[in-house]
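Structure, as structure tokens:
The values are calculated or read from the model by the stated rules, or taken from the named source; none is laboratory data. Note that this is a predicted model, so its numbers are computed, not measured. Cβ placement follows ideal geometry from the backbone for every residue including glycine, while neighbour counts extend to all protein chains displayed. Heads up: the accessible areas ignore ligands, DNA and RNA and are worked out on the full protein's heavy atoms, side chains in. Shrake-Rupley method; radii C 1.70, N 1.55, O 1.52, S 1.80 Å.
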Amino acid sequence: MEGLDRHHSKEGTPLISVIIPTYNRADYVSELVESLWRQTYRHLQIIIVNDAGEPVDFLRTLYPELELNIVNMERNSKHVHARNLGLTLVHGEYILLCDDDDLLLPTHIERMLKEIEGFDMVYSDVEIFDYIVEKRTRRATKRFVFAYEHDVAAMRRFSTFVSSGCLYRAAMHERLGCFDEEMYHYWDWDFFLRAVEHYRVKRVPVASALYAFSEIGGNMSGQHEDMRPYLDKLSAKHGLGELPTKNFLVLLEEPEVLSRKAKTEVLWDGEPIVSRRALQSVICVEDGLKSL
């Protein structure tokens, strides 16, 4: 593949390329970049692919100490195309994926890098949180842990792989190719199934990634009718048989899924991650009030 010019520097520490597709979520992706700035492991190439949405170039000014590569697509091509464009810009030995509305706790990348020794891909457990927005900052209203045993056979029926925060060797793409652009839904499940067929994959029992979920937006209930064709395509591709398109939260209560629940380390104190963009906005408002 083009790109993937892997290298070490900073006293031999491996470079990790973070790929973030984004579309009209400037406040949310600002929180994600803030969470990356707070990481205890800092040798990062951060690739933000703006899928023809509102500008996010301001992030370079807000976070000058980060290596931010911001690419603006000419037209909205959807998130899988954006991820593949990000792949062409990778220079790191490792790749870390993250959705623009998810977050990583400060020790996440350092932990993943330690855990990947002897493996090709690692993924963590997550905390799923619902939220309200106050002063350009999301504040959790509900949260629950999403932690399940790594059971490949069971994950052909119901995937508990969360791509946000997963870390893997960039060289995997030399064999697997790009993300499947025909899988608008379930691209991550498809990637997991292709990865475990050829590579060593491990779950890390720590909930150090935060997965955003708004009941109002319904981003986890899904449009079942729209998703069905993609689920059928995934099933045909991997020989999965008939798969259910039930509501995500309903699926979590089914016996075969409940039996896989696992213990994990919970790190989050529930406090919001306030971005520099949000702080800047608050300061501007306060200055405006003082001038009245």
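Side notes on the structure shown:
- Complete set of residues in the range 241-255 that are exposed (fewer than 11 other Cβ atoms within 10 Å of the Cβ) and either touching a helix residue (DSSP H, G or I) at 6+ places or on another chain (Cβ under 7 Å) or assigned to a loop (DSSP other than H, G, I, E, B) (or both): GLY241, GLU242, GLU253
- Given (1) open to solvent by less than 40 Å² (accessible area, probe 1.4 Å); (2) touching a residue at least 40 places away in the same chain (Cβ under 8 Å), index of the condition PHE191 fails: (2)
- Every pair of residues 6+ apart whose Cβ atoms lie under 7 Å, when the first sits in the range 12-38 and is in contact (Cβ under 8 Å) with a residue 12 or more places away in the chain and on the phi < 0 side of the Ramachandran plot while the second is β-branched (Val, Ile, Thr) and in a helix (DSSP H, G or I): ILE16/ILE109; ILE20/VAL29; THR22/VAL29
- The sole residue among TYR63, TYR123 that is more than 30 Å from LEU249 (Cβ to Cβ), of a type in the set (Ser, Thr, Tyr), open to solvent by less than 20 Å² (accessible area, probe 1.4 Å) and in contact (Cβ under 8 Å) with a residue 40 or more places away in the chain is TYR63.
- None of ILE95, ILE116 is on the phi < 0 side of the Ramachandran plot, in contact with a strand residue (DSSP E or B) (Cβ under 6 Å, 6 or more places away or on another chain) and surrounded by fewer than 22 Cβ atoms within 10 Å (Cβ to Cβ) except ILE116.
- Of all residues in the range 236-253, none that is of a type in the set (Asp, Glu) has its Cβ atom under 8 Å from the Cβ atom of a residue that is loosely packed, with under 12 Cβ neighbours inside 10 Å and outside any helix (DSSP H, G or I), 6 or more apart or on another chain.
- Filtered residues of the range 256-270 (kept if open to solvent by 70 Å² or more (accessible area, probe 1.4 Å), charged (D, E, K, R) and either under 15 Å from SER159 (Cα atoms) or without any contact (Cβ under 8 Å) to a residue 60 or more places away in the chain (or both)): GLU256, LYS261, ASP269
- Flag for LEU105 being in contact (Cβ under 8 Å) with a residue 12 or more places away in the chain and surrounded by 22 or more Cβ atoms within 10 Å (Cβ to Cβ): yes
- Boolean, LEU176 is in contact with a helix residue (DSSP H, G or I) (Cβ under 7 Å, 6 or more places away or on another chain) and surrounded by fewer than 19 Cβ atoms within 10 Å (Cβ to Cβ): yes
- Within the option set ILE109, ILE20, being of a type outside the set (Gly, Ala, Ser), within 19 Å of the chain's Cα centre (by Cα), at pLDDT 95 or above and part of a strand (DSSP E or B) holds for one residue only, ILE20.
- Out of VAL71, VAL90, VAL29, VAL18, sole residue that is open to solvent by less than 10 Å² (accessible area, probe 1.4 Å) and over 17 Å from TYR168 (Cβ atoms): VAL29
- The set of residues in the range 180-197 that are within 20 Å of SER124 (Cα to Cα) and not small (Gly, Ala, Ser) comprises TYR186, TRP187, ASP188, TRP189, ASP190, PHE191, PHE192, LEU193, ARG194, VAL196, GLU197.
- Qualifying residue in the range 73-80 (condition: among the basic types (Lys, Arg), closer than 29 Å to TYR186 by Cβ and in contact with a helix residue (DSSP H, G or I) (Cβ under 9 Å, 6 or more places away or on another chain)): no
- Scanning the range 141-173 for residues that are open to solvent by 10 Å² or more (accessible area, probe 1.4 Å), more than 18 Å from the chain's Cα centre (by Cα) and not charged (D, E, K, R) yields THR141, HIS150, VAL152, ALA153, ALA154, PHE158, ALA171.
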